[in-house]
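Shown next, in C-alpha cells, is the structure this report addresses.
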Amino acid sequence: MKPYTHSTWVVKEGHEDEFVRLWQQLADWTVTENFAQSAMLLRDVDRPNVFVSIGPWHTIEEVDRWRLTEGFQQRIVQLNEILERFEPSTLELVVATS
C-alpha cells in the first residue's frame, strides 16, 4: 500500500499569507526530520482561503509516528489559531495513470 496524507485547510480570512508561512515550516520540519520526502500545498482559485495539501509516504506507520510527535503537535496548534477548519486524512493509492 502506498499511503498519502491529504488535508483541507480553511483559513480565517486575512491570514492566508501567515498560513502559507506556517504550513511551509511544518513541511520543512517534516522533511528535515525524515518523515516524508515531499509535499504540495494547493490553493483553491475560487476560494482563496481554502488550501489542500497532499504528500506521499513510505508507510502508514510513518504517518502515525509523525502525527504523534511533539514537533507536529506544536505546529498544528500554531496553525489552528488561524484556521476555521482542518480536515486531515490518510489515503491509499488505488489507481495511478501515467
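Numbers at a glance
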{"read-out": "Filtered residue count, the range 15-56, keeping only those that are open to solvent by 40 Å² or more (accessible area, probe 1.4 Å), free of Cβ contacts under 8 Å to residues at least 40 places away in the same chain and out of contact with any Asp or Glu (no Cβ under 7 Å at 6 or more places or on another chain)", "value": "20"}
{"read-out": "Residues satisfying the stated conditions in the range 1-14, i.e. exposed (fewer than 13 other Cβ atoms within 10 Å of the Cβ) and within 8 Å of ASN49 (Cβ to Cβ)", "value": "GLU13"}
{"read-out": "Filter result for the condition that a residue is exposed (fewer than 14 other Cβ atoms within 10 Å of the Cβ) and within 19 Å of GLU18 (Cα to Cα), over GLU61, GLU92, GLU81", "value": "GLU81"}
{"read-out": "Members of the range 6-41 found to be in contact with a strand residue (DSSP E or B) (Cβ under 7 Å, 6 or more places away or on another chain) and hydroxyl-bearing (Ser, Thr, Tyr), listed by number", "value": "SER7, THR8, SER38"}
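The values are calculated or read from the model by the stated rules, or taken from the named source; none is laboratory data. As the structure is a prediction and not an experimental result, all values here were calculated from the model. Using ideal geometry, Cβ is built from the backbone for each residue, glycine included, and neighbour counts are taken over all protein chains shown. Only protein heavy atoms, including side chains, enter the accessible area calculation; ligands, DNA and RNA are left aside. Shrake-Rupley method; radii C 1.70, N 1.55, O 1.52, S 1.80 Å.
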